[in-house]
Amino acid sequence: MKLFNAPALLAAFACLAMGPLANANPKSVILIIGDGFDDQHVTMGRNYLSGQSGTLILDTMPFRGAVQVETVDAAGSAIYVADSANTATTLATGAVTIIGRVGKDRDDERVQTVLEAAAAVGYKTGIVSTASVTDATPAAFAAHVGVRACENPVSIRGGKKYGVTFEGCPRDLVENGGAGSIAEQLAKANVDLILGGGMEHFAARFEDNPSALDMTTEAGATVLTRKDQLDDRYAGRVVGLFAEDTMPVKWQGSNGRSAEDIERSWLNLAHEMIGSITQPDTIACVDNPSFEAIPPLETMTRFAIDHLSRDNEKGFFLTIESASIDKQSHVRDPCGSIGEIEQLERALSVVNDYAARNPDTLVIVTADHAQAAQIVPDPTLYTGLPIPVFSPGKVARVETPEGSLMRINYATNNIRSEEHTGANVPLFANKQGNAVLTPFMRQREIYQAMMQYLEL
């Protein structure tokens, strides 16, 4: 009679020697958000970076789908065009909410985020953005305020944002029992790593109260302000603030140019079917000198993954935002947007390399909402008509590396900032993740998929 199983006994002793059983294959989720990164921008990026018949790294992702953006008003009725605050909140929490909300539902109630749920059970967590980390999209994963403009201890008390007066977030004031501004909440949040811009919001101080920067350092976090500091490794919590607000973009239009109006003769101004028009000169995309002072998204991504994965048997949740695809479309600068897409591509390369070595990593790339830029014919398809025909709005005729012209049109309004649009946005992933992703999803379902994948 066999009294014991030798192999089993040896395995048991080995486990005791190693201590608690380790997770040999820790699960991680990396969510990349291209702000305003709709299919028009994907195509703009492909045409410029790879050529019409070329391929982006995005195009090699094994899974592709589409995402419906949902927004409501205070009464719960559908709104068909969103902002970054409410859409990032939906991605982060699953709550379909109103424009301007950050981490809150339409009733101004706090909703737990996927990042907070992950941190609560031992996953490491991180936020990386080329915007201020207090901006709507990154903030939605770790902060909760009624209005996105409540970024710091001063602005939370009201003022102007984008030229619009707002009352602030009285319910969120610390003295009223709230958690404070976005910067104050991020200073105290259970997030292992935060990288991006936003020093002006962390340094802002109301009267003699401590700033968010004071809170961050007093809590023992390492604060980084220079790109060369990302060459080192750090223990504990890391907060990197590399610009006062949004980080500079990689490229800009030659001579500082962006989209412009068609020049019309006085005869054409008098009547649309007479006179003549003059198209704007072409624009070349050139390096932005200011970009050299800050770490590229690729560098921040590599640092973030190294920091979160080191000595980590549980896994991590990381969200990465390429913010200025949207911001540069607002100001009608296609070169700024394309340069930001190039940054997203480089960051995705780093992420894919990590996921290839760590196959239990789910990589999702999507957008928060669609934006205004459209690729239109140059010259117009109606150029043969004996009357002047041109695209309304402002246009940029961009020289592409393959020697052609790509005409980008912006025509959502007549003021200085273009508006978002209401189209679906793309979805890319490195796998379905045990069928948690489907070819057509709503943003709240992406939240559910991430929660399911991390078993939260």
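None of the figures in this text is laboratory data; all of them are computed from the coordinates on show. Small disclaimer: the values here were computed from a predicted structure and weren't measured. FYI the Cβ positions are ideal-geometry reconstructions off the backbone, even for glycines, and counts take in every protein chain you see.
For this structure, a couple of remarks:
- 3J(HN,Hα) along the range 107-112, derived from phi through the Karplus expression 6.51 cos²θ - 1.76 cosθ + 1.60 where θ = phi - 60°, amounts to 8, 6, 9, 4, 10, 5 Hz, with x in place of Gly and Pro.
- Cα gyration tensor category, rounded, prolate or oblate, for the range 146-291 with a/c compared to 1.5: oblate
- Residue order, fewest to most beta carbons within 10 Å, for His144, His41: His144, His41
- Each of Met44, Met451, Met199 has some number of other Cβ atoms within 10 Å of its Cβ, and from fewest to most they run Met451, Met199, Met44.
- Per residue, the chain reaches -8000 deg cm²/dmol at 222 nm when only DSSP H runs of four or more residues are counted, each adding -39500 (n - 2.57).
- Around the amide H of Arg442, modelled in the peptide plane, lie the amide H atoms of Gln68, all under 5 Å away and 5 or more residues distant in sequence or on another chain.
- DSSP H segments from the chain that extend 30 Å or more along their own axis, Cα-based, with Kyte-Doolittle mean of -0.5 or above: 334-357
- Under 19 Å of direct C-alpha separation, and excluding same-chain neighbours fewer than eight residues apart, Lys104 reaches these aspartates and glutamates: Glu70, Asp73, Asp83, Glu116, Asp135, Glu151, Glu167, Asp172, Glu184, Asp368, Glu445.
- Amide H to amide H, with H built 1.01 Å from N, Ala131 comes under 5 Å of Gly197, Met247, Ala323, counting only residues 5 or more places away or on other chains.
- Over the range 244-285, relative contact order from alpha-carbon pairs under 8 Å, at least 6 apart, %: 42 percent
- Range of Cα positions in the chain per principal axis (Å), largest first: 104, 58, 46
- Taking 21 Å as the straight-line reach from the Cα of Lys27, the lysines in range (excluding those fewer than 8 positions away in the same chain) are Lys124, Lys314, Lys431.
- Calculated log₁₀ intensity ratio I(q)/I(0) where the Debye formula runs over C-alpha points of the range 266-353, q = 0.12, 0.22 Å⁻¹: -0.56, -1.10
- Calculated P(r) tail over 14 Å for the range 175-248, as whole % of Cα pairs: 60 percent
- Rg ratio (alpha-carbon, reference 2.2 N^0.38 Å) - the range 44-126: 1.45
- Phi-derived couplings, Karplus 6.51 cos²θ - 1.76 cosθ + 1.60 at θ = phi - 60°, listed residue by residue for the range 423-435: 6, 4, 10, x, 9, 10, 7, 7, 5, 7, x, 6, 6 Hz, with x used for Gly and Pro.
- Listed by chain and number, the lysines whose C-alpha is less than 19 Å from the C-alpha of Lys394, apart from same-chain residues fewer than 8 away, are Lys327.
- Phi angles across the range 316-329 convert, under the Karplus curve 6.51 cos²θ - 1.76 cosθ + 1.60 with θ = phi - 60°, into 3J(HN,Hα) values of 8, 10, 9, 10, 10, 10, 9, 7, 8, 4, 6, 4, 6, 5 Hz, Gly and Pro given as x.
- Considering all different alpha carbon pairs of the range 372-456, the Kirkwood hydrodynamic radius works out to 16.8 Å.
- Relative to its residue count, the range 207-324 spans a Cα convex hull of 207 Å³ per residue.
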